[in-house]
Amino acid sequence: MATEAFTVRAESNIVHQLDDIAGSLDRSRNYLVNQAIQEYLETHAWQIEKITQGIEAADRGELVEHNQVMQEMDTLIEQKAKNKA
């Protein structure tokens with residue numbers, strides 16, 4: 001896979017934390033930053049996909065009434081409370 005260099009300015013404490021973790025893992029700072037960026041991109045791509053699907057569903061009129069959502073939430077809360085007891 002081709003790579004490109006780019007510069008990122010970060011607060012000193014962030015750089016020091018990266019260096020500490022990189023040293024502990026016997027990895028480079030570059031490796032950690034690439035891993036973090038990849039995870040960020042995957043997470044946000046998933047979120048954007050779900051948001052887009054939700055907007056498309058709403059545009060088709062596939063909506064759930066507020067009262068129905070609240071009833072389902074109340075049921076989940078009650079079940080969770082019973083499981084704790």
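The values are calculated or read from the model by the stated rules, or taken from the named source; none is laboratory data. The structure presented is a predicted model; accordingly, all values stated were derived computationally and were not measured. As a convention, Cβ positions derive from the backbone with ideal geometry for all residues, glycine included, and neighbour counts pool all protein chains shown. The accessibility values were calculated without ligands, DNA or RNA, using every heavy atom of the protein model including side chains. Shrake-Rupley method; radii C 1.70, N 1.55, O 1.52, S 1.80 Å.
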**Request:** Return the Cα extents of the chain along principal axes one, two and three, sorted largest first, each rounded to a whole Å.
**Result:** 51, 42, 25
**Asked** Any idea what angle helix 66-84 forms with the longest principal axis of the chain, computed on alpha-carbon atoms, 0 to 90 degrees, nearest 10?
**Response** 70 degrees
**Asked** Packing-wise, with mean Cβ within 10 Å as the measure, how do 42-53, 5-16 rank, highest first?
**Response** 42-53, 5-16
**Prompt:** Given the Cα-Cα distance of Q79 and I37 and 0.36 nm per residue of separation, how much length would full extension add, in nm?
**Reply:** 11.3 nm
**Complete:** Full extension between Q71 and N13 adds, at 0.36 nm per residue less the Cα distance, a length in nm of 16.3 nm
**Request:** Could you state how much accessible area L25 has, in square angstrom rounded to the nearest 10, with a 1.4 Å probe and all protein chains kept in place?
**Result:** 100 Å²
**Complete:** So for R0 = 35 Å, FRET eff. of I21-I48 from the Cβ-Cβ r, to 0.05, ends up at 0.80
**Structure-based [θ]222 nm, the chain - -39500 (n - 2.57) summed over DSSP H runs of at least 4, per residue, nearest 500** = -26000 deg cm²/dmol
